[in-house]
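*Asks:* One structure coming up, written as structure tokens, with questions to follow.
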Amino acid sequence: GVGMIVPDKKVDSVCPYCGVGCLLTYNVKDNKILHVEGRNGIANKGRLCVKGRYGFDYIHSPERLTVPLIRRDDVPKTALLDFDPGKPFEIFREATWDEALDFAAEGLKKIIAKDGKYALAGLGSAKGSNEEAYIFQKLIRTGFQTNNVDHCTRLCHASSVTAMLEGFGSGAVSNPMADVQKADVIIIIGANPTVNHPVGATWMKNAIKNGTKLILMDPRGSEMKRHAAQHVQFKPSSDVALLNAMMHVIVTEGLTDKEFIETRTEDFLTLKEHLQDYSPEVMSPICGVSAEQIRDVARMYANANNAMILWGMGISQHVHGTDNARCLISLCMITGQIGRDGTGLHPLRGQNNVQGASDVGLIPMVFPDYQPVTLEENQDRFRKLWNVEALDDKPGITTVEMMNAAYDGIIKGMYVEGENPAMSDPDVLHAREAMAKLEHFVVQDLFLTETAFYADVVLPAAANPEKTGTYSNSDRAVQMGRQAINPPGEAKQDWWIIQEIAKRLGLDWNYQGPKDIFNEMRQAMDSIAGITWERLENESVTYPCENEGDAGEPVIFKKDFPTVSGKVKLVPADIVSPDEQPDEEYPFVLITGRQLEHWHTGSMTRRATVLDSLEPEPWISVNMSDALKLGLEDGDILKLETRRGELQAKIKVSDNSPVGTVFMPFCYFEAAANVLTNAALDPAAKIAEVKYCAVKLSAV
Ligand code: SF4
């Protein structure tokens with residue numbers, strides 16, 4: 001055809017964006033990606049969404065970092081005011097790799113010598129491969145010699161994982177997303193899959209077309225509501241009231257699965273007694289849903305032959321996020337809706353490798369495969385495997401705690417690989433101030449992100465299509481990502497950079513590439529011990545796969561749970577109020593989230609030309625009646641103010657925002673929604689309440 005450029009090669013890989021884990025093919029010519037096609041992966045069967053199909057040219061952005069950078073002596077770390085990511089030379093000078101790596105490592109070593117090992121912390125990435133995440137946590141544990149290592153799972157599903165580990169000893173999904181097609185009823189709560197897991201959403205819509213009933217439970221409306229048999233539009237933050245009321249109905253009407261409760265659960269009687277106070281009539285005014293609708297949806301779920309629950313950040317990002325997840329677990333267990341096709345629990349994972357990064361131990365309380373750092377047997381296992389004399393047995397601090405500790409001068413040095421806390425942390429002005437206070441800050445990324453602005457040294461890394469490695473999707477499928485092109489300039493592969501830092505901290509690693517690292521991971525993690533690199537070259541494998549040749553297990557918990565008793569512990573939850581309630585001064589509720597065309601802090605998608613031209617500027621979603629009261633129309637400028645900061649953006653009038661609430665995506669650096677959010681933490685999971693804070697609206 002006219003103008004059709006023929007690629008030199010096609011490289012099979014995996015999408016760099018969301019946790020659905022779509023497989024794709026890069027069409028490459030002259031070290032440039034021409035276009036992307038979907039291929040036949042277990043999660044996507046050839047499908048791709050707009051991000052996967054059109055969001056690839058961020059890698060060719062003129063803003064890519066191509067040489068290591070060291071901060072100029074005369075540039076102070078002040079607020080992110082006139083920062084222009086296109087002009088790194090105003091803040092940094094170019095350095096050789098040797099100089100930059102020496103400088104990075106020396107600064108870290110100096111802090112250990114002066115202030116001790118607890119003055120350092122590291123943030124790894126859910127965007128990198130399993131191998132990168134694994135050696136990053138190994139570097140922190142054996143080089144920094146503490147467990148002060150975390151990643152953005154803390155801002156995302158930490159509360160879900162906390163409740164799941166407590167309840168049934170595993171943080172993984174029970175069934176793959178596409179199992180919705182085998183379910184009679186699905187509950188989607190606190191999630192907007194059309195936007196955040198778009199190909200997953202197509203499976204949901206296919207299922208609905210074939211007769212599956214959708215119960216959509218969300219304070220906000222979304223595109224999914226057109227497909228819902230029931231849209232339960234509860235008041236923001238009233239999840240526990242609503243879910244307890246549903247369970248009250250199920251217990252009082254005898255809709256429980258008695259045999260399942262008897263043989264596979266513990267503490268049902270305590271839960272049953274707890275639920276007595278939560279009748280739909282009493283809970284109805286609290287959650288803003290009629291008692292009748294609560295009864296209807298409770299019966300629909302409990303009476304279904306097979307029913308599945310999928311949830312997202314609307315459940316997890318609250319000070320009661322762990323309680324919310326506890327309720328979903330109990331709802332599922334008292335009805336026995338688990339252990340079969342088309343049932344179970346599926347926390348929808350946001351980033352392409354947030355499941356894998358958690359699995360390989362990029363979290364402060366556990367070694368790889370969720371083995372607690374506090375247990376002597378685990379200490380033993382990893383001392384031997386990593387050939388070190390001592391490992392810290394004290395759990396480390398979490399993402400938001402790290403920033404607070406930096407603010408208070410307790411953490412003095414940090415290494416951040418591929419994350420952007422200057423955009424993603426709650427109360428982000430506070431987090432930015434904390435980063436500005438660091439004595440030594442090493443940042444490794446593709447771009448001069450808002451976070452890199454505060455760095456002392458910036459190490460230019462490789463993008464997803466520039467490296468090979470494995471990724472674990474939301475379904476627990478381990479999949480191979482392959483290098484299609486070379487990194488630009490002197491940018492290097494992340495595993496190489498991490499190993500060079502490790503060397504300079506006195507560690508004797510000698511990995512030749514990701515395959516060596518993967519083979520070590522198999523010794524560290526029973527769940528993937530049976531998966532060979534060679535097999536991943538040919539197919540995706542869903543763990544657990546403990547022995548070579550095991551098929552892998554898309555559906556788990558068929559007979560028992562990985563707890564001491566083999567049973568699930570049912571944990572009752574009380575109603576806990578949000579940390580900050582609307583009042584006269586700040587009368588609205590602010591909900592933050594994501595949007596289809598952009599991904600997380602926007603560091604990649606804002607630099608992807610197609611995606612950014614589709615959604616080029618920040619917006620605030622406001623209900624029509626609230627807009628009328630303010631005298632505003634679509635496109636007018638609105639100012640939002642909270643106790644922590646303020647910003648301005650255009651409004652989009654939308655019924656998806658209920659009266660009294662506004663919604664804003666957090667991907668726009670020019671109006672960063674997290675300037676407004678509340679950093680109050682869930683006490684169990686240390687996740688922040690970015691789904692709820694009090695805000696003031698005014699016309700500009
Ligand atoms: Fe990529 Fe997710 Fe879109 Fe699939 S659904 S193409 S994994 S962003």
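The values are calculated or read from the model by the stated rules, or taken from the named source; none is laboratory data. Because the structure is predicted, anything quoted here is derived from the model rather than measured. Cβ coordinates were reconstructed from backbone atoms using ideal geometry, including for glycine residues, and neighbour counts include every protein chain displayed. These area figures cover heavy atoms from the full protein model, side chains too; ligands, DNA and RNA do not enter into them. Shrake-Rupley method; radii C 1.70, N 1.55, O 1.52, S 1.80 Å.
*Asks:* Output the Kirkwood hydrodynamic radius of the range 530-579, Cα pairs only, in Å rounded to one decimal.
*Replies:* Taking the inverse mean of 1/r over all distinct Cα pairs, the range 530-579 comes out at 14.2 Å.
*Asks:* Let me ask another. Can you spot the lysines whose alpha carbon is less than 20 Å from residue 569's alpha carbon? Ignore those fewer than 8 places along the same chain.
*Replies:* 258, 272, 558, 559
*Asks:* Now for a different question. Lys/Arg Cβ at +1, Asp/Glu Cβ at -1, dipole of the range 348-420 taken about the Cα centre: which of 416, 397, 367 is farthest positive-ward?
*Replies:* Farthest towards the positive pole: 416.
*Asks:* How much of the DSSP beta bridge set in the chain is antiparallel, as a percent to the nearest 5?
*Replies:* So the antiparallel bridges in the chain amount to around 50 percent.
*Asks:* Need one number: the % of Cα-Cα pairs in the range 387-546 sitting beyond the 19 Å mark.
*Replies:* Value for the range 387-546: 65 percent of Cα pairs lie more than 19 Å apart.
*Asks:* I've got another one for you. State the three equivalent ellipsoid semi-axes of the range 39-186, derived from the C-alpha gyration tensor as the square roots of 5 times its eigenvalues, in descending order and whole Å.
*Replies:* They are 37, 26, 14 Å, listed largest first.
*Asks:* Over 20 Å, how big is the tail of the calculated P(r) for the range 519-647, in percent of all Cα pairs?
*Replies:* So the pairs more than 20 Å apart make up 72 percent of the total in the range 519-647.
*Asks:* Convex hull over the Cα atoms of the range 469-553, averaged projected area in nm²?
*Replies:* Its Cα hull, projected and averaged over all orientations, spans 6.7 nm².
*Asks:* Right, another one. For the range 218-251 and the range 446-493, what is the separation of their C-alpha centers, rounded to whole Å?
*Replies:* Centre-to-centre distance over Cα atoms comes out at 38 Å.
*Asks:* To make sure I understand the rule: partners must be lysines, Cα under 16 Å from the Cα of residue 629, and not fewer than 8 residues away in the same chain. Which ones qualify?
*Replies:* Output for residue 629: 639, 652, 696.
*Asks:* Before rounding to the nearest 500, sum -39500 (n - 2.57) across all DSSP H runs of length at least 4 in the chain and divide by the residue total; then give [θ] at 222 nm in deg cm²/dmol.
*Replies:* Computed ellipticity for the chain at 222 nm equals -8500 deg cm²/dmol.
*Asks:* Give me D for the range 372-463 in µm² s⁻¹, whole number, from Stokes-Einstein with Rh from the Kirkwood sum over alpha-carbon pairs, 37 °C and 0.692 mPa s.
*Replies:* The estimated diffusion coefficient comes to 224 µm²/s.
*Asks:* Ok, one more. How long is the chain along each principal axis, judged by its Cα atoms, biggest number first, in Å?
*Replies:* Extents along the principal axes: 70, 65, 64 Å.
*Asks:* If you don't mind, another one. May I ask you to work out the translational diffusion coefficient for the range 580-671 at 25 °C, viscosity 0.890 mPa s, via Stokes-Einstein with Rh from the Kirkwood sum over Cα pairs, reported in whole µm²/s?
*Replies:* Once the numbers are plugged in, D ends up at 177 µm²/s.
*Asks:* Here is a further query. Summarise the accessible area of the chain (1.4 Å probe, protein heavy atoms) by the percent that is carbon and sulfur.
*Replies:* 49
*Asks:* Something else: How long are the semi-axes of the equivalent ellipsoid of the range 329-420, defined as square roots of 5 times the Cα gyration tensor eigenvalues? Whole Å, largest first.
*Replies:* 31, 21, 14
*Asks:* Probe of 1.4 angstrom, ligands and nucleic acids ignored: what's the accessible area per residue over the chain, in square angstrom?
*Replies:* 35
*Asks:* Using the structure shown, select from 10/32; 492/515; 45/213 the pairs with a Cα to Cα distance greater than 19 angstrom.
*Replies:* Violating the 19 Å Cα-Cα cut-off are 45/213.
*Asks:* Along the principal axes of its C-alpha atoms, what lengths does the range 154-247 span, in descending order and rounded to whole Å?
*Replies:* Cα extents, longest axis first: 36, 29, 26 Å.
*Asks:* Just to confirm the filter: which GluC sites (Glu not before Pro) across the range 601-700 are DSSP coil and have at most 12 other Cβ within 10 angstrom of their Cβ?
*Replies:* 633
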